[in-house]
Amino acid sequence: MADRITSSGCAAVAIDGPFHGERVASPLTPVAYQSRMAAEGIGRVLDRMADAWVAARDLLVGIGIADPTRQAYFGLSMGTRFGLAAARALGPGLRCAVFGKFGTQSTPGIDPGLHASLRVLNDASVITAPVLFHLQRDDEIFPRTGQLQLFDAFVSPDKELLGFAGGHRDTPEHASAMWHGFINRHIA
């Protein structure tokens, strides 16, 4: 996605998720990183990630790489879990966001300490920028009803739903072009 975004003349930045990548000394299993997030408190982790996005944006604006009035957010699954808080924190400069593969409900394999349905719905309910939401109809991690509940919570008058057959990891090849087209339309 970063290559697609930058090919349009826009800057792109990626931030490791909590207890992922360079935020830990060595890779953790899903059970391990989920339990660490639950122990810290999912609300604090969401706030910490939102602060990291705002700091990254401010740094890029400060060195002249980014325009604070032309921001987009892209993140699926865990990228949506943390992106909702980030999009809210980025404020009125957020021109659009692509979310998906996440919802208000999850299967028993997700640590119960990560359930924050009210927070998720509250964050979504203040995002007024256009939203494109990617739904996998047979998602085995985030059931369709919870994904639709999240989609309905966005207050943006300009929101679109992309629905595809298949499970959580079954992303159609052409979906990335659709995500990029949506972002490009709103920040170009």
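A few remarks follow.
- Each Cα pair of the chain feeds into the Kirkwood radius, which the Stokes-Einstein equation turns, at 4 °C and 1.567 mPa s, into a diffusion coefficient of 77 µm²/s.
- For the stretch 13-104, a simple Cβ point-charge model (Lys and Arg +1, Asp and Glu -1, everything else neutral) yields a dipole of about 240 debye relative to the Cα centre.
- Selection from P92, A66, A50, by position along the positive dipole direction of the chain (Cβ): P92
- The residues of the stretch 1-126 expose on average 49 square angstrom of accessible surface per residue, using a 1.4 Å probe on protein heavy atoms.
- Taking the Cα centre of the chain as reference, the dipole from Cβ charges on Lys and Arg (+1) and Asp and Glu (-1) amounts to some 200 debye.
- For the chain, the membrane-span-like helices by this rule, meaning whole DSSP H stretches whose C-alpha atoms cover at least 20 Å of axis and whose Kyte-Doolittle mean is -0.5 or above, are 42-62; this says nothing about an actual membrane.
- Surface composition of the chain: carbon plus sulfur atoms hold 56% of the accessible area, using a 1.4 angstrom probe and ignoring ligands, DNA and RNA.
- Between D51 and R185, the modelled labels are 3.7 nm apart [label points 7 Å from Cα along Cα→Cβ].
- In the chain, taking the dipole from charged Cβ atoms about the Cα centre, the farthest positive-side position among G79, C10, P27 is held by C10.
- The stretch 1-108: Cα Rg divided by the 2.2 N^0.38 Å rule of thumb: 1.12
- Solvent-accessible area of D158 with every protein chain in place, 1.4 Å probe, in Å² to the nearest 10: 60
- Rounded if a/c under 1.5, otherwise prolate or oblate - the stretch 110-188, Cα gyration tensor axes: oblate
- Taking a Cβ cut-off of under 14 Å around R185, the surrounding Lys, Arg, Asp and Glu residues balance to a net charge of +2, with basic ones at +1 and acidic ones at -1.
- Three-way shape call for the stretch 30-71 based on the alpha-carbon gyration tensor, with the a/c threshold at 1.5: prolate
- T29 sits with roughly 80 Å² accessible to a 1.4 Å probe, with DNA, RNA and ligands left out of the calculation.
The values are calculated or read from the model by the stated rules, or taken from the named source; none is laboratory data. Source: prediction; values computed, not measured. With ideal geometry, Cβ positions are generated from the backbone for all residues, glycine too; neighbour counts draw on all protein chains shown. Ligands, DNA and RNA are excluded from the accessible area calculation, which covers all protein heavy atoms including side chains. Shrake-Rupley method; radii C 1.70, N 1.55, O 1.52, S 1.80 Å.
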